[in-house]
Amino acid sequence: MKKLILDLDTGIDDTLAISYALGSPEVELIGIAGTYGNVQLAQGLRNDLAITDLLGHPEIKAYPGLTHASTKDSFSVQKVSAFIHGENGIGDVTIPDSKRSPETEPAVDFIIDAVKTYGKDLTYVPTGPMTNIAAALRKAPEIAQQIGRIVLMGGALTVCGNVSPWSEANISQDPDAANELFRSGAPVTMIGLDVTLQTLLTYRQTGRWRELGTTAGAFLADMTDFYIKAYETTAPKLGGCGLHDPLAVGVAVDPTLVTTLPMNMKVDVEGPTRGRTIGDNDRLNDPVKTMQVAVGVDVDRFLHEFMTRITALAAAAQ
Ligand code: BDR
Ligand code: CA
């Protein structure tokens, strides 16, 4: 069975990514690497353990990643993140703390060890900044060739960014790390705003989770309604919230959900377009293209899979 690692800044759509993974019998979630972004690292790890408990999977371990980009000394949560995800990252919904603690092994070592153990059977899905995987590649560059696949949520190729006209949030947190990953030669699928802003969820669907009558269903519904409400302010024309992070998990489970362009990509790290994801002119004529960039998505099929898997998980949990 395919092994999966999620690397999360947990976050509402990160929580939906955990739910999608746990609701997918085709994959085994072998651990969560924590990162910063929507919340601070410690809050994200707290959320990971509390959420996996609530969803009936207390066996899932969470590993502490790096607390900030390597080019910075620290990280502060931006006001807009708290507006979209809540102060606690999960829509300001209160759920019990887990009795468990994060692991002592650093996420970077956990990722490297997992590649050594599972090789091509391992898929790594980062849905926050690329800081941890860049550090892992610096420590053990050979993992670029050994890993099965990296399916990341981040970037934008054919549409504008969401933090600036050229940059998407996960990439803009640490453009240098993303550039290291893009140019590493690792097999990467980029699930960017090109496709994630086509997969939208509405109150009608979250209502189905609430009707289940379970604590997990009520939590997912209340949390996601907070996110949909924020989208009514930040992107009123969309008519729902973007399912960014769960789409990356969906593609990790079933790559046929998207159509992709084979490309060698880079991230601009200098000048006014810092954080832009774009084709790498220096590798334009390389016969081997190491990245696939999603430019189309089977929206109906993804939404069906998303609702079926997460509803079943929430029905079976407490
Ligand atoms: C990405 O940024 C974060 O706020 C979300 O969790 C998602 O990973 C979307 O740009
Ligand atoms: Ca995220």
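The values are calculated or read from the model by the stated rules, or taken from the named source; none is laboratory data. This one's a predicted model, so the numbers in the text were calculated from it and none came from an experiment. In this analysis, Cβ positions are derived from the backbone assuming ideal geometry, glycine residues included, and neighbour counts consider all displayed protein chains. Keep in mind that these areas ignore ligands, DNA and RNA; they rest on the heavy atoms of the full protein, side chains included. Shrake-Rupley method; radii C 1.70, N 1.55, O 1.52, S 1.80 Å.
Can you tell me, using C-alpha contacts under 8 Å and at least 6 residues apart, the relative contact order of the range 6-63 as a whole percent? If you can, show how the numbers build up before the last one.
Details: 77 pairs, mean separation 23.8, N = 58.
For the range 6-63, the relative contact order is 41 percent.
To the nearest Å, what is the center-to-center distance of the range 258-283 and the range 1-56, using C-alpha atoms only?
Rounded to whole Å, the Cα centres lie 27 Å apart.
Go through the range 205-300 and name the trypsin sites (Lys or Arg not before Pro) that are in a DSSP coil and have 11 or fewer other Cβ atoms within 10 Å of their Cβ.
On the way: sites: Arg208, Arg210, Lys229, Lys237, Lys266, Arg274, Arg276, Arg283, Lys289; in loops: Lys237, Arg274, Arg276, Lys289.
In loop regions of the range 205-300 (DSSP not H, G, I, E or B), the sparsely surrounded trypsin sites (Lys or Arg not before Pro) are Lys237.
How much accessible surface does Leu122 have with a 1.4 Å probe, in Å² rounded to 10?
Spelled out: Leu122, probe radius 1.4 Å, area about 0 Å².
Taking a 1.4 Å probe, which of His304, His57, His85 shows the most accessible area, and what order do the others take after it?
Ranking His304, His57, His85 by accessible area, largest first, yields His304, His57, His85.
Using +1 at the Cβ of each Lys and Arg and -1 at the Cβ of each Asp and Glu in the range 2-316, identify which of Thr256, Ala21, Gly240 lies farthest towards the dipole's positive end.
Thr256
What residues of the range 250-280 lie in the reach of a label at Cys160, counting those whose backbone N is under 17 Å from a point 7 Å from the Cα along Cα→Cβ?
272-277
Could you give the dipole magnitude of the chain about its Cα centre, charging the beta-carbon of Lys and Arg +1 and that of Asp and Glu -1, in debye to the nearest 20?
Numbers: 26 positive and 38 negative charges, 49 e Å.
For this selection, approximately 240 debye.
From Cα pairs below 8 angstrom and at least 6 apart in sequence, can you work out the relative contact order of the chain, rounded to a whole percent? The partial results should precede the final answer.
Values: 715 pairs, mean separation 64.7, N = 318.
Reported relative contact order: 20 percent.
By how many nm would the segment from Thr94 to Thr308 lengthen if fully extended, with 0.36 nm per residue of separation less the alpha-carbon distance? Provide the component values of the computation, followed by the final result.
Numbers: separation 214, 0.36 × 214 = 77.04 nm, distance 2.51 nm.
Extending this stretch completely gives an extra 74.5 nm.
Contour minus end-to-end for Ser101 and Ala42, with contour as 0.36 nm per residue of separation and end-to-end as the Cα-Cα distance?
Value of the extension gain: 20.2 nm.
Determine the relative contact order of the range 197-318: mean sequence separation of Cα pairs under 8 Å and six or more apart, normalised by residue count, in whole percent.
Numbers: 142 pairs, mean separation 38.3, N = 122.
Relative contact order, the range 197-318: 31 percent.
In nm, what is the difference between 0.36 nm times the number of residues separating Glu87 and Glu232 and their Cα-Cα distance?
Numbers: separation 145, 0.36 × 145 = 52.20 nm, distance 1.82 nm.
Contour length minus Cα-Cα distance gives 50.4 nm.
Work from the charge dipole of the range 93-154 (Cβ charges, +1 for Lys and Arg, -1 for Asp and Glu, about the Cα centre) and give the residue of Ile150, Thr94, Thr117 farthest towards its positive end.
The Cα lying farthest towards the positive end belongs to Ile150.
Please list, short to long, the whole-number percent of alpha-carbon pairs of the chain in consecutive 10 angstrom bins beginning at zero.
6, 30, 39, 21, 4, 0
Enter the accessible area of Met307 (Å², nearest 10), with the probe set to 1.4 Å and all protein chains included.
Result for Met307: roughly 10 Å² accessible.
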